[in-house]
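The values are calculated or read from the model by the stated rules, or taken from the named source; none is laboratory data. Please read these numbers as outputs of a predicted model, since none were measured by experiment. No Cβ is skipped: glycine too gets one built from the backbone with ideal geometry, and neighbour counts run over all protein chains shown. All accessible areas refer to the heavy atoms of the entire protein, side chains included, with ligands and DNA or RNA removed. Shrake-Rupley method; radii C 1.70, N 1.55, O 1.52, S 1.80 Å.
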Amino acid sequence: MEDANPFTKSKTIDPEVRAYVYSLVNALGGTGTNESGRYVLGDDALAVLRDLKRWLKLYDEKTNRLDVARCLAEANLVRGDLLPILSTWKENGKNEKAKTRTALACLELLVPLTWPVEHEEMTANHHRHTPYILQSQVKYKAAVLHWEATAVLRQTIRIALPALAMKRDERTPRDEGIIKLMLYLIRNIAAIRQVPNLPSQGLDTEVSRSATIETFRAQDVFALLLTICSNMGEDYNLMDVIVLEIIFNLIKGVNAEQLWMNQQQRTKTGISDLRATLAAEQHMHMEAKKKEGSRHGRFGTMIWVKGDDKQMKTVSGQDNLKNHKTAMFNMDNNKKWNKPMQRRKDLDHTNYDFDQKETLSSEASEQLRNFAEEFLDSGFNPLVSHLRKAIEREAERLLPINYRQFFYIVAWFLKAERVRRERKHKDAKASKAVTEFDPESYGLVAAVLNQETFITLNRYMQMSWDEKAWQDLNACMRCFTEILLTVQDMAQSALEEDQAIAENIQNRIFYEETTHDRIRMILQDYKDQGLGYLDACTELSHVFLKMLERYSKENVDLQIRSKRKARRKRNDAQLKEQSADQQNDEQGADDDSEHEDIMDTVQVSKERKFDFKRFAAKFVTQSSVDTFISLLKFYKDLSAEQLKRVHRFLHRAAFKQEQATLLYRVDIVALLYKIVEGPEGLSNKHALYGEWQEFTKQLFRKMFKKVDQRPELIVEMLFSKITNTLYYLEYGHDKQTSTSTRPPAELEVKASAARDRKEQIGVAVTVLLRDHKDSLVDWVKRIVNRAYDERFAWEAEGEARKAEAEAAAVPAENDEGNQKEPVLDLPTAQPSYISISPENDEIRIAMFKNARLKLLMRLVGLTEENNDKSGTPDAMWIIPSHVVAAHLEGSKAAIEQYSATQWQPENEDDNPEDFLRRVGKDQRASHYAEEAVGEDGEPKRDNFIDDSEGDEILPEEEGFLFPDNPRQRKSVLEQLKAKRAAKSKKRKRGSDDEEPDDSEDGAMKEQRRRKREEVALARRRKFKSEAFIRDSDDESDDERDRAFFEREAELRKKYAQLNRAQIAAAAAAGAEEVDEASLAKRRKTVARLRGEIEAGNGDEDVVMGDDQEDSGENSAPPSSQPRRNGRSSEAESDEETPPSSPPPDDGDGKKPRQALKELPQGKAQPRTRVVGRLSGKQKAVGVELDVDSDSDLELEDEDQDEVIHAKAITTQRSRGGFVIDDDDDE
C-alpha cells in the first residue's frame, strides 16, 4: 500500500537521476549556525542553478517525463533554496551584478516548476507523478504569496524593471525574454489552484483567489498590469497574450455584480445565501426521512410484497397494511432512478473553466473592483484592440485557448461597465443629490463596439459551432449577450452620439439573417453540454429575441439580408461559348467573367422585409422548449433572473405564439405542477412564485379544454410533438400538402411531315394505354364528346339564325332600276369557352403531374388558362372559343380509333414513347395550343419544328414560311406583254376620255399592291420546299451532285444559243427613233410595269436602257431602282440592269435618251455579269453581256465578295440601243 501512495517518495525514478539532482540541490547552498540561520549561497551557486535548468529542459521536456520535477519537489528546492536566495537580494541595497544574475537564474527555474501541468496524451509516468506535482505547485504558490522574508513578486518585478524602462526599439531579445519570464511567473501563480479531487493540505485559504488578489494588490502587480495594458501596441507589443491569461485567471467565475455592492448589501446577500443554503439542507433531510425505513420503530412494520413477476420485495410502514395499492405506491416512491452519466471530458477541473462560481472576501472584492475600474478607464481599449488584430491575422503566439479567454474577458468587463453605471445611477438617486453631472460616454468600451469585432465574433461562433467546441462557444455567447445589453443601454443614453451608434450597431447585427439562424440553431441543438452552456445559450436567445422584437416594432420597414443557394452552373454550351470568347478577346472575357462572378454573389444574397412573427414561429419549436425545460429542472439552484427568463419564453410559446401544445407533455406538466404545488417546489415566499402559479393555472386550464376537444391529446402527451402532430391537434385533420409544387416538363410528338394531328393523338393515346391509364383516356373522350355536343349545337343555332336573316332580307331597288345585293354578312358571336373540371382527385393530380395526359389534352384542343393559378395543381383548363365542332369531332374519332387499335410505328423495334420529346424553353404550351389548330381544324404545317430546342417563335401573321421555289420566267414575260398590249389598246381607245386624277390613280395602285402581296403570301404558304424535308444523308450524295452539274451545263448551253438568236433578231430589226415626249411616257409605263413585276415576283427580265451622265453629274433616270446591298433570295441574285452603251453626242453636250425594246422571244435566259477593265467610253458605263458558258471570261460567283476580272475583253458594238456580241457577226 505504501508503494501505491503517489505522495510518498517515488521509487520508480532512476536512482542515478535522483542522485545527480540531489547532489546539485545540496551544492546550491543552505543555512548555517554561523550565519544565525541565514541562507548562504554555495561557491558555484549560479552554475548549479543553470545545471538544474538544463536537467529540466533536456531530460523532462525532451523525454516527456516528470522525473526531475518530482525530484526537485521532493528536495523542497523552491521553499528551501530559491525563495531564500531571492530574499538575500535586498530591495534598498545596491544593484549588484552577481546577485542580479543569481536572481534571474532563480526566476528561470521558478517558471518551469510552476508551469501548469497539461498533457494531451497521458502516459504511465504522467499518471504517476502528476498528482504529486500538482500538490507541490499549490505549496509553491502559498510560499510565493506569503513568504515572510521578502515580497517575492516584487523581487521578480525588480529583475525585469530595467528592461521595462527601456524603449521598445532599444530592447534586445534578452530584455524581451526577461519581461516574459516575469509575466509568466505571475501568470502561473494566478493559475495555480487547489484541485478539488486531491487533498487540500490545509492550504485552501492561502491559495484562494482572494489571497491572490490581495497579494497582487500589495506587491504592485496590478500597477504593472495597468502600465503594460495602457501602453499596449506602443511600448509593449508581444506581451498581450500573457497579460490576457493573467487577467482571465483573476476574474473567471467572479460575479461582477457583487463587486459593486457596498458592505451592507454584501452582508445582506451573504445572509440570504446562507439562509437559503440552510433551508435547502433542512428540506433535504426532511425528504430523506420520509423515505427511509422504520423497522425498529415502536409501531414499525415490515412486510413482503410479491409482484406479478413473482419477485419478493420489502416495504416498511403500517399504512401498507390498508391495501395493496398503498403498498405499491410506497414502493414506487422508494425507487430512485440514477441517470447514467455520459463520458465526456472533465471540463470542471481544468484551469480554463469559467462556469464555476468564485466567492471573494470583502477586501478582495474591493481591490478587484478598483483594478477593474482603472483597467476600464485606461487599459481596456488598447489591450482588446491589439488582441483583436492579432486574432484577425492569426498570430503565432496565440493558442486556441486564448480565443476563449479573449471573448470571456470582453464579456466580463462589458458587464462590469454596465453594473458600474447602474450602481452609480442608483447611488445618485439614493443620496438625492441635486447636483447635475454630465452623462458619461461609452467610449471606454468602444474597442468592442465596431464592425471588426462583430465579424470576428460571428466567425469564431460559427467555427466553434461547427467544431463542437462547446466551451469556446459558451464564451462567444456570453460576449454576444453582453454586447447586446450594452447596445441596449446605449440606445437609452442621454447622449445623441451614443444613441446613433446604438442604432447603427443594431441595424448591422439584425441585418444578417445568418445571425438569426445561428442563435436559433444553438438553442435548439442543446444536448447536455453543461449548466453553464445551458445558461449562456438561453440568456442569449432571451436577450436577442426581446431586443429584436422591440427593434422591429420601432423600425417597421426593417430589411434583412437572406442568403440562399447559388444559382445552378451554366451548361456546357455556355461554357464553350465563354471559352471561345476568351480565345478571341482574353482581356475582355476576363472582365466579363469577373462581372458574372459578382452577379452570382448578388443573386445569392437578397434583401427582404423582416417579419418578426415568422421568425418567432421558427424560434418556438419543441427543441427550443426542451432546452428551456432543461434549465427549469435546476429551479432550486436558479436565480430569480434565470427563472424569469424561462417563464417569459414559456409564456411566449403558450400564449403569444399559441403553441401551448408543445408544453402538453407528461414530464413538463409534472415539473410545472411540482414547482407550484410541491413537494420540493418553490417557496411561496419566492419573488416569482406568483407568476409561476398563474402561468401554470392558465396553461392547465387551456390543456383541459384541448383534451375535451381532442381526446387524442391524452396519448400524444407521452411524446414530443412534430409539425404534423401539432397541425392535427390544432385543426383536427392532417395538413394537405402536395408532393410536387412544380409542373413536369411539357411534351410534344416529334415533328414529321407525314404525321398529322390525328396520328399525334394516336401516339399520345397509345402511350397512356401502355401506362395503364385507360381511365384518363376515357375521361378525355367524355370531355370531347360533351364539348362537341355543346359546340355543334351552338354552330347549328348560328346557321339557323343566319338562314332566317337571309329569308327576311328584302332586296331594295335604286332610282335607276338596278338591284343591289342584300347585306347578309351579319356579325357572328363567338361561343364562350368550355371549362374542364376533374371528376376526382386522381384525375386532378394527373392533370398537374402527368405530362402525357397534358399532351393529349392540348392535341384535342384544350388549353391551360393563363392566370395566377397557372402552373399549379389548381390550374383551370378550358376549350377555347376558336375550337370548332369539326375539330372536336376529328379528335373524338381519333381517340375512339386508337383506343380500339393502338398506334403502331413503322419500325417494329420502336416504341411509341420514343416519339415523344420535351418542348424547348422558348416554346410554351399557350403558343402551341393557339397555333396548332388552323381554320380548317387541321394542324398548321408551318408550326412543326425540327429536333432542335429553343427556336424562336415566328409572328402569328406569317408563321414559318418556306422560301420561294424557282419559277419559270416565260409566264412572267407573257404576262408583261399582255399587260402592255392592254395598256396600248386602252390608250388608243380612250384618247378622248378624261384621264383619272392622281388620287384615283394612287388608290388603284395601293389596291393592286395589296392584292399582289396577298397572292404572293398565299403562294408561299402552299410551298413545300425540298430544302426542309430532305434527309441529312443526301448532302454527301456524289451521284446526285454529278447529275445536277450535268443538267446545269446543258441548260447553260441551251440558254446561250437562244440568247444569241434573240440578239441577232433584234439587231436585224433595228431601233426606231421616238420623240422626247413619247419616250418619257413609254419609260414611265415600262417602269411602272417593271415595279409591279418586281414587287410581285422579283424575277423580271426586262432590260431597260438609260443614259448615264458624265462623272460630274449625279442625276438619276426616273426608271432607275435603288440597288440592294444584300441578296435575301434567289430572286435578288440578278443585279439591276445597267444602262447600255452611251449614244453619240448631239453636239450640245446632251445625250439623246433612248429606250430599249423588249426581246421578241418569250423565254428569258439566265444572264451572267462580266466584270473587266474597259477602255475609252466603255469605262464610263457598266456593260452587261450574255455570254456562252464556253467563253473565256471569268464569271463572278454569287457567294464571293471579291471580283474576278475577265481574262480577255471582246469588242462590243451597239445596234438600236442593244449590246451586240462580236460572235454575232460570224
Could you pull out the residue among Lys167, Lys90, Lys141 that is over 60 Å from the mean Cα position of the chain (by Cα) and closer than 30 Å to Cys229 by Cα? Lys90
Residue among Arg168, Arg174 that alone is in contact (Cβ under 8 Å) with a residue 40 or more places away in the chain, open to solvent by 40 Å² or more (accessible area, probe 1.4 Å) and not aliphatic (A, V, I, L, M): Arg168
Any idea how many residues of the range 657-679 are loosely packed, with under 13 Cβ neighbours inside 10 Å and in contact (Cβ under 8 Å) with a residue 40 or more places away in the chain? 2
Looking only at the range 73-125, count every residue that is open to solvent by 60 Å² or more (accessible area, probe 1.4 Å) and under 13 Å from Ala143 (Cα atoms) and tell me the total. 2
If you take the residues in the range 680-701 that are among the charged types (D, E, K, R) and within 18 Å of Lys636 (Cβ to Cβ), which one is least open to solvent (accessible area, probe 1.4 Å)? Glu680
Filter pass, Ala502 being of a type outside the set (S, T, N, Q) and touching a Pro at 6+ places or on another chain (Cβ under 6 Å): no
Identify all residues within the range 636-656 that are open to solvent by less than 10 Å² (accessible area, probe 1.4 Å) and not in a helix (DSSP H, G or I); write none if there are none. none
Residues to consider are Thr212, Thr205; find the one that is hydroxyl-bearing (Ser, Thr, Tyr) and crowded, with 21+ Cβ neighbours inside 10 Å. Thr212
Pairs returned, first residue in the range 490-503 that is under 14 Å from His425 (Cβ atoms) and in contact (Cβ under 8 Å) with a residue 40 or more places away in the chain, second residue that is open to solvent by less than 70 Å² (accessible area, probe 1.4 Å) and not aromatic (Phe, Trp, Tyr), beta-carbon separation under 6 angstrom, 6 or more apart or interchain, are Ala494/Pro439
Quick one: which of Thr725, Thr766 is in contact with a helix residue (DSSP H, G or I) (Cβ under 9 Å, 6 or more places away or on another chain), under 30 Å from Leu632 (Cα atoms) and open to solvent by less than 60 Å² (accessible area, probe 1.4 Å)? Thr725
Of the criteria (1) in contact with a His (Cβ under 7 Å, 6 or more places away or on another chain); (2) in a loop (DSSP other than H, G, I, E, B); (3) of a type outside the set (Asp, Glu), which one Phe695 fails: (2)
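Each row is one residue, and each column tells you yes or no for (1) open to solvent by 40 Å² or more (accessible area, probe 1.4 Å); (2) under 20 Å from Val543 (Cβ atoms); (3) β-branched (Val, Ile, Thr); (4) in contact with a Lys or Arg (Cβ under 6 Å, 6 or more places away or on another chain).
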| residue | (1), (2), (3), (4) |
| --- | --- |
| Val410 | no, yes, yes, no |
| Lys426 | yes, no, no, no |
| Lys429 | yes, no, no, no |
| Tyr442 | no, yes, no, no |
| Tyr460 | no, yes, no, no |
| Asp466 | yes, no, no, no |
| Asn474 | no, yes, no, no |
| Glu496 | yes, no, no, no |
| Arg508 | yes, yes, no, no |
Just to verify a result, which residue in the range 995-1052, among those that are over 60 Å from the mean Cα position of the chain (by Cα) and of a type in the set (Gly, Ala, Ser), is modelled with the lowest pLDDT? Ser999
Touching a Ser or Thr at 6+ places or on another chain (Cβ under 7 Å) and in contact (Cβ under 8 Å) with a residue 40 or more places away in the chain - does that describe any residue in the range 457-469? yes
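Out of the residues in the range 702-718 that are assigned to a loop (DSSP other than H, G, I, E, B) and over 21 Å from His651 (Cα atoms), state the one that is most open to solvent (accessible area, probe 1.4 Å).
Among residues in the range 702-718 that are assigned to a loop (DSSP other than H, G, I, E, B) and over 21 Å from His651 (Cα atoms), the one most open to solvent (accessible area, probe 1.4 Å) is Leu718.
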Scope the range 898-918; condition part of a loop (DSSP other than H, G, I, E, B) and polar (S, T, N, Q); matching residues: Thr901, Gln902, Gln904, Asn907, Asn911
Whichever residue in the range 46-72 is open to solvent by 20 Å² or more (accessible area, probe 1.4 Å), more than 57 Å from the chain's Cα centre (by Cα) and without any contact (Cβ under 8 Å) to a residue 40 or more places away in the chain and, among such residues, is farthest from Leu161 (Cα to Cα): Trp55
Enumerate the pairs (first residue in the range 725-736 and in a helix (DSSP H, G or I); second residue anywhere and aliphatic (A, V, I, L, M)) with beta-carbon separation below 8 Å, excluding pairs fewer than 6 apart on the same chain, so at least 6 apart or on different chains. Leu726/Leu662; Leu729/Leu713
